There are 4 protein chains.
Amino acid sequence: MEEKARIVVWNEFRHEKEHEAVKKVYPDGMHTVIASGLKKLGGVEVKTATLDEPEHGLTENVLKNTDVLIWWGHCAHGEVKDEIVKRVQKRVLEGMGLIVLHSGHFSKIFKVLMGTNCSLKWREAAEKERLWNLEPSHPITGGIGEYIELPNTEMYGERFDIPTPDELIFVSWFEGGEVFRSGCCWKRGHGKIFYFRPGHETYPIFYNEQIIRVIWNACLWAKPSVFIEDKCPNINNPLEKLSAKNLNFGKAGILQNS
Amino acid sequence: MEEKARIVVWNEFRHEKEHEAVKKVYPDGMHTVIASGLKKLGGVEVKTATLDEPEHGLTENVLKNTDVLIWWGHCAHGEVKDEIVKRVQKRVLEGMGLIVLHSGHFSKIFKVLMGTNCSLKWREAAEKERLWNLEPSHPITGGIGEYIELPNTEMYGERFDIPTPDELIFVSWFEGGEVFRSGCCWKRGHGKIFYFRPGHETYPIFYNEQIIRVIWNACLWAKPSVFIEDKCPNINNPLEKLSAKNLNFGKAGILQNS
Amino acid sequence: MEEKARIVVWNEFRHEKEHEAVKKVYPDGMHTVIASGLKKLGGVEVKTATLDEPEHGLTENVLKNTDVLIWWGHCAHGEVKDEIVKRVQKRVLEGMGLIVLHSGHFSKIFKVLMGTNCSLKWREAAEKERLWNLEPSHPITGGIGEYIELPNTEMYGERFDIPTPDELIFVSWFEGGEVFRSGCCWKRGHGKIFYFRPGHETYPIFYNEQIIRVIWNACLWAKPSVFIEDKCPNINNPLEKLSAKNLNFGKAGILQNS
Amino acid sequence: MEEKARIVVWNEFRHEKEHEAVKKVYPDGMHTVIASGLKKLGGVEVKTATLDEPEHGLTENVLKNTDVLIWWGHCAHGEVKDEIVKRVQKRVLEGMGLIVLHSGHFSKIFKVLMGTNCSLKWREAAEKERLWNLEPSHPITGGIGEYIELPNTEMYGERFDIPTPDELIFVSWFEGGEVFRSGCCWKRGHGKIFYFRPGHETYPIFYNEQIIRVIWNACLWAKPSVFIEDKCPNINNPLEKLSAKNLNFGKAGILQNS
C-alpha cells in the first residue's frame, strides 16, 4: 500500500570513461551498479542521471518526481552548474532526501547544505576499513550487524569539517591508524540528508551487499511524507487582539512621517 | 591579562539615511549605538563597518583582526557582494564569531552558513515581545533575569527555517499570539554563531540595556581562542604499518594501467 | 502488512475516582478516552494499565508485548514502585517507545530517563494555549496544521529543566505571557521518547481530535523496528593482530605479580 | 582576577591498596597523581576525596565549595551510597561540573545523569590507542595536537550506550580494530559533564602530560559561572491579563464542586 520511493542515482560518470582501471570495475558507471543493487532489494523506483546530460539530468520535472537523490561526484565538482545546485538545494529544503556518497563530501550541493568546508584527511593505499555500527536500532542500519568490513578502501580521516550530525550512525576504523565519522544524518529544511563514506571509484565497493543495503535503508529513511514549499509570510492579522499602539511607530521601508 | 575581544559591528546603514522615522531613532546609524553600548560594558575593542564603504568595510585585513563580527542588514541583502560573503564565511569557519541580528536572518552570510531558507512569519504592529531565558546558566544570558520584555517590536513567528540550534537560549512570546526561537547558537567550522532576534530599525531596541548586555555576552562567548585555516591534506604515510596490498588497485585520477 | 503497534496507555487513575469535577470529564478515566481515540485512528492494538493494578499493570509479560507505552501521572508519582520504574526504563532502553503526557514530566520514569529535575513554572487559570508546530514535515505532526489551539489549559512555563531535545516539535504560547517546549523528542538507548505537554485532568483535552492525532502519530513514530538487550561484552579476541606486549601489564582485578 | 576553579578529585581508591601491580604504578592512589598534575598547570585549587572516607568525602559542605568534581571508580561502584549519588546529581544540576574518567562510565552518578546503560565492549590486552581530536578549537583540546597516542591501554569499543553527546571531542582508534567515542560533552541542568575514556589502573596513563592537560582543560571548561537551585514555582499571577474564564474549571487536587 505504501508507495514506492522514487530514487535518482546521480553520478559524475567521468572516471569510468577515462580510466581503464575504473572502467574494468564499473564498465557502465557506478550509477548503474548502485541502481541495480537498489532495485534488487525492492520497494523503490530507480532512475539515473549524470553530469553530461542536459541540465545534468536534473530538470525541474525530474526533481519534482524524486523522493531521494543519491550523489556521487569527484573530479568534476566544479562543472556542476550553480543554477542546478540551487535547484537541488531548494528541493531538499522542500523535503527531498539526499544521500551523499564518498568523494561527494566536496560536491557543491553538500557544501551549500552544510555551510562548512567539508574537508578531511585522505590517503590512497587500498587499506582495510571497518565501519562500526553505532546505532543498531536506526532504520539506516537495518540488517547490518556490528560492523561492515571493506578489505580495500581509500582512507578518510578526521577532522571532517561538518556541522555536528543530528545522528552519528557509523564511525570507521582504518588500518593505517585513522578514524572517521562515516555515516552522518542531518535534517535541513524538510529534507533528510545522509552522508555515507564508502565508495571509491577504483574499488568494487558498490557491489558489496552491505553497502547497498545501507544505501537502500537510507533511501527509505529519507523518503519524505510531505513536500513543503518555502514562504516567508506577512501575517497582518494577529491571532490575539493587540493593545492600542503608539502611532509614531512606522512600517519598515514604508515609514510614516511623524 | 585576557586580551580584549576585537569586535566589528557591521550595519547595512540605509534605513537610517533614507527614512525620517529611522533617522530620528538612530541618527548616526544603529551600528554606532550598538558599538557605544558594547564599549560601555568594557573588555572589548569595537569598530564599525557599513555596506557603502569599499569592500563593505570588510577587507582581508579587517577580518584578520576581528574576533567577532556583528551583522545587521535588511533592505539591501542583495547588494552584499558574493566575494565578501565568501570571505566572511571563510573567516567564520576559521574561528571568527558571528552575531546575526534581527532581519539579518535573511542576509547572505547567515543563509550560506545555515544552508537553509531562514524564512519565518512576520508582522509589523509594534506589539509586545517577551524573550524567555531558557538557559540562565549560559554565558550569553549572564546578568539577564528570567526574561526580557520589549514593549514594541516587529513580530517574527515560527516556523523559522533553520538547522536545529546546538543551543536554544531564548524563545519569544508575542502579544499577537506567536512564538519564536529568538536566541540560537551554532558552531560552524571553528566559529561560533549566535542569532539574536531583537533589533528592528523603527524601535529604539539597541538602546535597551538588556539587549546590549546579551550582545556583549555573546561577543565574549563567541571570541575564538584560536584560528585554524582550512586544509584537506593527503596523508601519504600511515601511522600504522599496512599489510601488503594488491597492486591492481590504482590511485584515483592517476590510475595505473593493469 | 506492517504489523500493528502494540500500545499500552498507563494512567495513575486517581483524580478520576476522587474528584467530582474530574469524574464528570473522564468518568472511566483518561486512559479509556485516550485508548478509544487511538483505536478509532486504526493501525494499533491498545491496552490500558493503571497504578492500582498488581505491578501497576506493567508485568514483565505486558512490557515484553508492548511497542509503545503512554504515561499519565500526577498526584501519586511517589507510589510507583522503583522496581517497576527500573523495569520500564530497561524496556525503553531496549527499544520500547515512551510517550509522557502533561504532569508526567514529574513521573519517576521520565526523570530517570532524562537525568534532570524536569521542573517548570505552572499556573492553573484555565487559560488559552496555542501549540505551534515547528516541524510540519515530522511524522509526529502529520495531519496537524500550523498550530493547535486549546481554549482552557493549565499553564506550564520555561525554564523546563530537561536535556536539550534531539528534536523540538511544538512550542506553546500562553495567554498569560509564558512559552513552553511542549513537544520534545529524545532517543535513549534504543527507545524513542516523546514528551507532549497537553492533558490536564480537569479539561476535556483528550477528547480533542488534534491532540489524539499527535499521540497516535507519536505512537507510530516511536514503534521500534527491533528490541536489543543490553550487554557489556568482553571481546577477548581482537579483530586485528596485536603487536607483542610487555608482560608486566596485568588484568584489572586479576592482576599478575610482576 | 578570575577566581581559581575549585576541583575535587574523587577516587574509589581500592585497586591501589589491594593489587601489587597497581600499587607500583600509583602508590598513593590515582587521585594524588591527577591532583598533582592539575596543580602544576595552575589556576586551580585541588582537593581529593575517596570512597572509604565518611560520606565518601563528599559532604554537603565539600560539594558546596566545589566547582568541578572528577570521578574515577571501577570495582566498587555498588558501594557508593545512593544518598551521596543523589547529592552529587543535585549539585551537578545546580551547576557543578563533572568529569568522569574511564571505568567511571559504569558509576552510579554517570548512569543517573545519562539515563542509559552506559555499557560498551572491552578488552584488556595492553594495546595501543590513538585519540583523534575532532574539535581542535574547543577549550577542552587546547594545547593538544591532532591526536594523543597511548602505547598501552584497555580497549573500550562501540556501541557505547549513551545519549548522543552535545559535542563529540575525541574518537579513539584501537590497535585491535575497534573505535570509541572517547571524549563526550553534555549539559544536564546547569552543569557541564565531560566523559574522558583514558585512565586504566594498571597503566601509567595519569602521568601522561597530554591526558592531564585535557582533564585540566575540561575543569576550566566545566567551571560554572553561577549555581542555580532547582524550583518548580506556581506563578499565580499571569504577566498578561487573562480573558474571563468559565468557573466550572477547577484546580487540580483542590477541585471545586460544580
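Worth a mention:
- In the range C:198-226, the residues that are loosely packed, with under 15 Cβ neighbours inside 10 Å and more than 22 Å from C:Asn133 (Cβ to Cβ): C:Ser225, C:Val226
- Applying the condition of being free of Cβ contacts under 8 Å to residues at least 60 places away in the same chain and of a type in the set (Ser, Thr, Tyr) to the range C:110-154 and asking which residue is surrounded by the most Cβ atoms within 10 Å (Cβ to Cβ) yields C:Thr153.
- Residue ID - farthest from D:His190 (Cα to Cα), chosen from residues in the range B:161-181 that are surrounded by fewer than 24 Cβ atoms within 10 Å (Cβ to Cβ) and more than 10 Å from chain A (Cβ to nearest Cβ): B:Pro165
- Qualifying residue in the range B:183-197 (condition: at pLDDT below 95 and touching a strand residue (DSSP E or B) at 6+ places or on another chain (Cβ under 7 Å)): no
- Any hit, the range A:205-215, residues being modelled with pLDDT of 95 or more, more than 28 Å from C:His138 (Cα to Cα) and among the charged types (D, E, K, R): yes
- In the set C:Thr48, C:Thr66, C:Thr32, only one residue is in a helix (DSSP H, G or I), hydroxyl-bearing (Ser, Thr, Tyr) and surrounded by 15 or more Cβ atoms within 10 Å (Cβ to Cβ); that residue is C:Thr32.
- Which listed residue is at negative phi and free of Cβ contacts under 8 Å to residues at least 24 places away in the same chain, from D:Arg213, D:Arg181: D:Arg181
- Of all residues in the range C:77-91, those being β-branched (Val, Ile, Thr) and farther than 18 Å from C:Leu101 by Cα number 1.
- Scanning the range C:139-160 for residues that are within 15 Å of C:Lys121 (Cβ to Cβ), of a type in the set (Asp, Glu), part of a strand (DSSP E or B) and facing chain B (nearest Cβ under 10 Å) yields a total of 0.
- Screening the range A:1-16 for residues that are closer than 18 Å to A:Pro54 by Cα and in contact with a Lys or Arg (Cβ under 8 Å, 6 or more places away or on another chain) and picking the one that is surrounded by the fewest Cβ atoms within 10 Å (Cβ to Cβ) gives A:Val8.
- Residues of the range C:206-227 satisfying the condition of being closer than 21 Å to C:Lys4 by Cβ and assigned to a loop (DSSP other than H, G, I, E, B): C:Lys223, C:Pro224, C:Ser225, C:Val226, C:Phe227
- Answer from D:Thr66, D:Thr32, D:Thr59 - the residue that is under 16 Å from the mean Cα position of the chain (by Cα) and hydroxyl-bearing (Ser, Thr, Tyr): D:Thr66
- Checked against (1) crowded, with 17+ Cβ neighbours inside 10 Å; (2) without any contact (Cβ under 8 Å) to a residue 24 or more places away in the chain, C:Lys24 meets all criteria but (1).
- Residues of the range C:92-109 that turn out to be part of a helix (DSSP H, G or I) and either at the interface with chain D (Cβ under 9 Å from one of its Cβ atoms) or buried (at least 23 other Cβ atoms within 10 Å of the Cβ) (or both), as a count: 8
- Residues (under 23 Å from B:Lys187 (Cβ atoms) and in contact (Cβ under 8 Å) with a residue 60 or more places away in the chain) located in the range B:72-94: B:Trp72, B:Gly73, B:Lys90, B:Arg91, B:Val92, B:Leu93, B:Glu94
- Test: residue in the range A:182-204 that is under 26 Å from B:Leu93 (Cβ atoms), within 11 Å of chain B (Cβ to nearest Cβ) and out of contact with any helix residue (DSSP H, G or I) (no Cβ under 8 Å at 6 or more places or on another chain): yes
- Of all residues in the range D:110-133 being assigned to a strand (DSSP E or B) and of a type in the set (D, E, K, R), the one that is farthest from the other protein chains (Cβ to nearest Cβ): D:Glu129
- Test: residue in the range C:227-242 that is modelled with pLDDT of 95 or more and surrounded by 24 or more Cβ atoms within 10 Å (Cβ to Cβ): no
- Close contacts from the range C:229-256, counting a first residue that is farther than 20 Å from D:Ser107 by Cα and within 7 Å of chain D (Cβ to nearest Cβ) and a second that is modelled with pLDDT under 60 and surrounded by 14 or more Cβ atoms within 10 Å (Cβ to Cβ), with Cβ to Cβ under 7 Å and a gap of 6+ residues or different chains, come to C:Gln256/C:Gly250.
- Pair list, Cβ < 8 Å and 6+ apart or interchain, from the range C:1-13 residues that are modelled with pLDDT under 95 to residues that are among the charged types (D, E, K, R): C:Glu2/A:Glu2
The values are calculated or read from the model by the stated rules, or taken from the named source; none is laboratory data. All values reported here derive from a predicted model rather than from experimental measurement. Backbone-built Cβ (ideal geometry, glycine too); neighbour counts: all protein chains shown.
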